[in-house]
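Report on the following structure.
The values are calculated or read from the model by the stated rules, or taken from the named source; none is laboratory data. Since this is a predicted model, take the numbers as computed values, not measurements. As a convention, Cβ positions derive from the backbone with ideal geometry for all residues, glycine included, and neighbour counts pool all protein chains shown. The area values use the complete protein model at the heavy-atom level, side chains included, leaving out ligands, DNA and RNA. Shrake-Rupley method; radii C 1.70, N 1.55, O 1.52, S 1.80 Å.
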Amino acid sequence: MVSNKQSLRAFIAFLVTWSFAVLGVTGLVLYIVPQGRVAFWTHWSLLGLGKTDWGNVHMLFGGIFIVTGILHLYFNWKPFKKYLAERVKGHLELKRELVTSLGATLLLVAAALANLPPISWVFDLNGAIKDSWASKPGHAPPFGHAEEVALPALAKRANFDLEAALGAFSAAGIHVANPRANLAQIARDNDTTPAALYALIPSNPDRLAERTPDTDPMEVEGRLAGSGIGRKTLREFAKTHGIASDVALQRLEAVHIDAAPGDRIKLIAERAGTRPIEIAKVLLVLGYRPEPME
């Protein structure tokens, strides 16, 4: 009986250790993994595991670490309690260490919530790494989860000719069993990625010129807020929303905003003292004037 208890105690101790190791690895991977819209668009993977796989492993072992940590403390409660008692009797430093460590923890939590440096640098680096994935040509989708939208709807939203797209797929040897399928399904059937398929779709300048502008700024904000538009260049944003680059520049110039096609929307907004979504409204709603940053 004692042997079984000792064996279980050792098993729990090793499981805590291995869980901590797995959490360390998955935590590092999730720190550098691209945003979901980029990961799913490009079929990003590391060691054969995609973003969802790494997240699932991290979540599982997070739970295992919590449970085994509690069990580890339970099995070792007597020696742990004895150790604490001896430390309290022999060293007053324990109280000071306890208070200072608790204070440091609270300060770190407060700094994280207030986004204060140097803690904020950790978050900034995380954002920069994730943004770097989207900055690579073809790695950013026209909008979030575009790979899940049926081809006819995607053609309408991204302003490309559906028949021309299907023709380009056929010429490239891509088999499309159902013209109403989405890029994710077509990519799986042809062992490729939604990003590679989208790159095959020819642009149509005539369709860009024909696009009807939006009329409701709030509709634009509701549709695009939180979609990562700040990371897109002006050229990418214009192409996604069916606006010729020269027309986009003219609309910005009309409200006294200087920009170049290769500038990111976030940078344009910062120079203009406003938010990225306001730049989007200027580009999509004729006559709209951006609101300044509060």
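Overview of values
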item	result
Sequence ranges 156-166, 36-46, 125-135, ranked by mean other-Cβ count within 10 angstrom, highest first	36-46, 156-166, 125-135
Over the chain, relative contact order from alpha-carbon pairs under 8 Å, at least 6 apart, %	15 percent
Accessible solvent surface per residue of the chain, calculated while the other protein chains remain in place, 1.4 angstrom probe, Å²	61 Å²
Environment charge at Trp133 (Cβ cut-off 11 Å; Lys +1, Arg +1, Asp -1, Glu -1)	+4
Size of region 8-140 as Cα extents on the principal axes (Å, biggest first)	65, 40, 16
Leu113 - accessible surface, heavy atoms, 1.4 Å probe, Å² rounded to 10	150 Å²
Eligible lysines near Lys82 by straight Cα distance, threshold 23 Å, same-chain separation 8 or greater	Lys5, Lys95
Most fluctuating residue given options Leu116, Leu60, Leu71, as computed from a GNM of the chain linking Cα atoms under 10 Å	Leu116
Phi-based couplings in Hz for region 24-30 (Karplus 6.51, -1.76, 1.60; Gly and Pro marked x)	x, 5, 5, x, 5, 5, 5
Ratio Rg/Rh [Cα only; Rh per Kirkwood] for the chain	1.14
Under 14 Å, Cβ to Cβ, from Ile268 - net charge with Lys/Arg +1 and Asp/Glu -1	+3
Candidates Val220, Val67, Val149, ranked by Gaussian network fluctuation over the chain, Cα under 10 Å, top entry	Val67
Share of carbon and sulfur in the accessible heavy-atom surface of the chain [1.4 Å probe, %]	64 percent
Principal axis dimensions, largest first and in whole angstrom, of region 1-65 by Cα	55, 18, 15
When each of Lys130/Lys232; Lys51/Lys239; Lys51/Lys130; Lys130/Lys156 is checked by Cα-Cα distance, pairs over 19 Å	Lys51/Lys239; Lys130/Lys156
Inter-part distance where region 111-165 and region 37-68 are each reduced to a Cα centre, Å	19 Å
